[in-house]
Every structure is written in structure tokens, then in C-alpha cells.
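> Got a structure for you, questions after.
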């Protein structure tokens, strides 16, 4: 039987008290918790507690409100601000009814009076806090998902309506331009140029509408078990011509034993083509692009895997496709906006700012993850993490 | 060579009219434009077109139903069709996959040059077939 180890961090400046709690927890022999074991770590200051949660995974915190570097409700507020997803049980010496209610309102899971908590009460409080917090987080996650799904639905309706209402007038303008172009045919270069610019403008508007439709029609995915390498090869074939024209070399490094993934092939291809095109456009002529696949366990402590929206937990296997270039780094101030709809750095070249936000939506729908970052050795890397087939 | 006849069915009146003018200016086509789906079949019988260009979203009818009705008449069974619509391709195919065959689906907006190219190919295909 697998043991679930619960990591309890005791934050208490009275060492005797802290040790007593630790002993109560680690020597627990109560039937209902026999499947679990506790690992206890100790901190005596708020600063120490914050440092520990920043680098280690903690399941539950037992917190004395009065510490050398912080006192009262403030201690709880500060710690919760730092780690809103870790359940906290407050310990204190004096019974104070108002404080008890305050700490619960401020998000503590429970309230224990020092010296009065026996074995069973302590264990139950710790265990229930963890469970209750898990349930809360799960509820929050489902709520967020529902809201997101509802949002996508309304964007979908909006986009479909807008598409029809915008594309028809665009079609009329286009036919009108074609008519006028014929009427003005002659030596006038300026008129010709203006007509062409108007045509380009219509096509650009159409392109934006198409992007919106794409963005919103993501709910019907056609999921099939697929070899990701194949999809990457097809995607590369689609952009190879553009790359060759600019003497950009493509190096591939595919893992021949890559686990299969369950994906909507054409959608994921759309993601790769988008990432490849971005990589190409941001590089000077003659640079190199590397496409690589591999399977990797998500590490704890890496930035991937702690937040619920990541869809991955530490230790879980992920199938990774990496597209990296040797081009210039993305400025830090832009990096956090690149997935926002309509954010673009190439508007004057016809960029709509929908490419990456569509890519992110597609990957999200696959319960995957997309990351774009500047590599330490130079260049930019775009990585897509997908779930392997069980 | 006699002019090819094209029947345009689209409730976007300005679009239909402009399309008629543009196509007729080329000199190879005779175009009739109507704006109601319900008049489609009647118009086809009167005009006897070589090709039908139709939008699927019409105020008074579903363009695909109009096409089915026209094509159920043996006279028009093999008539060339271009569906020209602002509705996404996938949505059009979902309901009436049977329509495909000598039907081409194009998306609005489209340049005249591109449309003429497709009209040309479709007509050639139906002559050969």
C-alpha cells in the first residue's frame, strides 16, 4: 500500500511546544490515519517559514501567530499572501473568541489552542485541513474551467455572427474595388497603388476575422492517438520553402521512442506551423532552427507543474516538442504579453496578434502547456508539453 | 462562342449586382442576379444557367435546400455550382456533404480575378465530364 506522506511545517518559536507537536504527529497510531505518515519540519520565524515554502512543497502549515518577527493576525495574512494554496492551522496559547473567528475569515482552515490539543484532535485537524483545502482547490479549478468554457462559447457565437456580418460587406468592397480598378485602368500609377492598398486592407480585415473564428471554434476537437514526430515533420514540410528562401537551416532531433499522444492532429499542426513561422520571422537570414522531441518527467521545483492551470504535477511524464532558434532574445517586458490576444510586434507587416493566443488555447484544450523563453545560451525556445496516452 | 450563363442567388443585393456587373464586363458571361432563395428554382428554369453561384445563408431560405431543389430537376442535375459564402467552410459541409461533386465552396471576400479563375475551371470540368 502506498503511503501518502504529508509534509507538515510547524512555525513556532517555543521549541518545546514545537517538538511536542512534532512528536504527537510522527508517533501517531490512530487507525483512521494509518495509511499516512507525517514528515515534520520546523521554523521559528515568519521569514524562515516563507523561505521554506518558496523552495519546498509543504502540505500544511501549523502556525503560531506570535513570532519574533511578526505578531497577531498579520502573521497569518502575510503567510497566506505568500502561499494561498497551502492550508494553515493556527496555534495559539490564549483562547480568544474574536481571534478564532478572525483567523477563519482570513482563510485559516482551523484554530487550535496550545496545550489543549491532544493527539487525536491535532491529527484530525491537520488531516481535515489538507482534505478540505484540496476540495476547495478542486472546486475552484472546476469553476474556473466552467467560466472559461462559457467564455469560449460566447466568443464563438460572437465570432460566427461577426464573421458573417463583416465578411459580406468586405465582399462588396472587394467587388467594388475590382470594378473601379477596371474603370481607372491606364497610366496612372498612383491610382493603381491606392487600389492595391485598399485590396490589401480588405484582405487584412478578412484575415483578422478568420483568426477570430479559429480562436473560437476550438471546442470540437477531433482527438486521435498520434505520433507527435509525424505531426512535426508535416508542419516542417509546410514551412520549409520559406526557410530555404532565407537560407535558414532546420536541424531535427526526434526521439524514436516517443510515447504516443492523443491530439487533434490538424490543430496541433496549426500550433507547430505558428511556432515555426514565428521562429523563422524573428531570425536574421542564415540562422539555424532546431526541432527536438523527447519525453520528460516534470520536475518539482521547475516552473512547470505547481499551478493548477499547468495540467501537470511534478513527477508526471510529459511529451515535449521544442522549437528553438538562434535569433535575438525576446525583451523581458514583452515576454509576459506574447500570449495575449491582439498583442503583436509586427502589426505593420500584417500581424494580427492572434497566432500565439490561438496556439495557447489549442494546447490548453489538450491539457498541455506551452512555454516560450529566452535560452541561456542565446536564442529563443518554444516548448509544447503534451499528455502521453496512458 | 455563345456566352456562358451564370445565375447568382444572394440576398446581399449590392454584392449580387456588383458581381453581375463585374462578370458581364469581362464579356464572356451572361449573368442573372436574384435576391431570394425561394425564387431560385423558378429562375433556374427560366434562365437555364450553365453555372449557379449561391450563398448558403439567405434571409428566406437555406441556400443548400435551394440547391437540392434545383438539382432534383434532372435538367440541372449536373449544373456547375459555386457556393460563395461568408460562413466557414466546415459549417457548410456539416449539413449537406451530398452536395459535393461538382460543387466548389469559396469564401467571401474574394477578388474578381480569383473567382473568375474558379468559374473557368468549374465550367471546363463540367464540359469535359
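The values are calculated or read from the model by the stated rules, or taken from the named source; none is laboratory data. Since the structure is predicted, the reported quantities are computational estimates derived from the model, not experimental observations. Here Cβ is always computed from backbone atoms with ideal geometry, including for glycine, and neighbour counts include all displayed protein chains.
> For region B:45-62, name all the residues that are closer than 20 Å to residue B:105 by Cα and in contact with a strand residue (DSSP E or B) (Cβ under 6 Å, 6 or more places away or on another chain).
Within region B:45-62, the subset closer than 20 Å to residue B:105 by Cα is B:49-59, B:61-62.
Answer for region B:45-62, where residues must be closer than 20 Å to residue B:105 by Cα and in contact with a strand residue (DSSP E or B) (Cβ under 6 Å, 6 or more places away or on another chain): B:49, B:50, B:51, B:52, B:53, B:54, B:55, B:56.
> Report, by residue number, each residue of region A:315-330 that is out of contact with any helix residue (DSSP H, G or I) (no Cβ under 7 Å at 6 or more places or on another chain) and over 24 Å from residue A:285 (Cα atoms).
Listed by number, the residues that qualify are A:315, A:316, A:317, A:318, A:320.
> Could you figure out which of (1) within 14 Å of another protein chain (Cβ to nearest Cβ); (2) surrounded by fewer than 18 Cβ atoms within 10 Å (Cβ to Cβ); (3) not in a loop (DSSP other than H, G, I, E, B) isn't true of residue B:23?
(2) is the only condition that residue B:23 fails.
> From the list A:163, A:135, pick out the single residue that is part of a helix (DSSP H, G or I), loosely packed, with under 12 Cβ neighbours inside 10 Å and either modelled with pLDDT under 85 or outside the structural domain of residue A:17 (by TED's automatic domain parsing) (or both).
On the way: A:163 fails: loosely packed, with under 12 Cβ neighbours inside 10 Å.
One residue alone meets the criteria, A:135.
> Test residue A:104 against the stated conditions and say whether it is farther than 29 Å from residue A:211 by Cβ, at pLDDT 85 or above and assigned by TED's automatic domain parsing to the domain that holds residue A:15.
Taking the combined requirement at face value, the residue satisfies it.
> Name every residue in region B:63-73 that is within 19 Å of residue B:106 (Cβ to Cβ) and either touching a helix residue (DSSP H, G or I) at 6+ places or on another chain (Cβ under 7 Å) or within 14 Å of chain A (Cβ to nearest Cβ) (or both), in order of residue number. So that I can check it myself, show each step before the final result.
To start, the set of residues in region B:63-73 that are within 19 Å of residue B:106 (Cβ to Cβ) comprises B:63-64, B:66-67, B:70-71.
Passing the criteria: B:63, B:64, B:66, B:67, B:70.
> Do we have residue A:116 as assigned to a helix (DSSP H, G or I) and either more than 14 Å from every other protein chain (Cβ to nearest Cβ) or closer than 30 Å to residue B:15 by Cβ (or both) here? Don't jump to the end; show me each part of the working.
Working: assigned to a helix (DSSP H, G or I): no; either more than 14 Å from every other protein chain (Cβ to nearest Cβ) or closer than 30 Å to residue B:15 by Cβ (or both): yes.
Judged against the criteria, residue A:116 is not a match.
> Applying the selection to region B:1-16, what residues are farther than 18 Å from residue B:114 by Cα, within 14 Å of chain A (Cβ to nearest Cβ) and crowded, with 17+ Cβ neighbours inside 10 Å?
B:10, B:11, B:12
> OK, next. Among the listed residues A:227, A:168, identify the single one that is within 30 Å of the chain's Cα centre (by Cα) and either closer than 20 Å to residue B:17 by Cα or modelled with pLDDT of 85 or more (or both).
Answer to the selection: A:227.
> Also: Does any residue of region B:32-42 turn out to be surrounded by 14 or more Cβ atoms within 10 Å (Cβ to Cβ) and within 14 Å of another protein chain (Cβ to nearest Cβ)?
Yes: region B:32-42 contains one or more residues that are surrounded by 14 or more Cβ atoms within 10 Å (Cβ to Cβ) and within 14 Å of another protein chain (Cβ to nearest Cβ).
> Okay, next question. Looking at region A:157-195 only, could you name the residues that are under 29 Å from residue B:88 (Cβ atoms) and more than 11 Å from chain B (Cβ to nearest Cβ)?
Answer for region A:157-195, where residues must be under 29 Å from residue B:88 (Cβ atoms) and more than 11 Å from chain B (Cβ to nearest Cβ): A:157, A:158, A:195.
> Restricting to region A:216-259, name every residue that is assigned to a loop (DSSP other than H, G, I, E, B), in contact with a strand residue (DSSP E or B) (Cβ under 7 Å, 6 or more places away or on another chain) and exposed (fewer than 14 other Cβ atoms within 10 Å of the Cβ). Outline the logic, then answer.
First, pick out the residues of region A:216-259 that are assigned to a loop (DSSP other than H, G, I, E, B): A:217-222, A:227, A:246-248, A:254-259.
Still in the running and in contact with a strand residue (DSSP E or B) (Cβ under 7 Å, 6 or more places away or on another chain): A:221-222, A:248, A:254-255, A:258-259.
Once the filter is applied, which keeps residues that are assigned to a loop (DSSP other than H, G, I, E, B), in contact with a strand residue (DSSP E or B) (Cβ under 7 Å, 6 or more places away or on another chain) and exposed (fewer than 14 other Cβ atoms within 10 Å of the Cβ), region A:216-259 yields only A:222.
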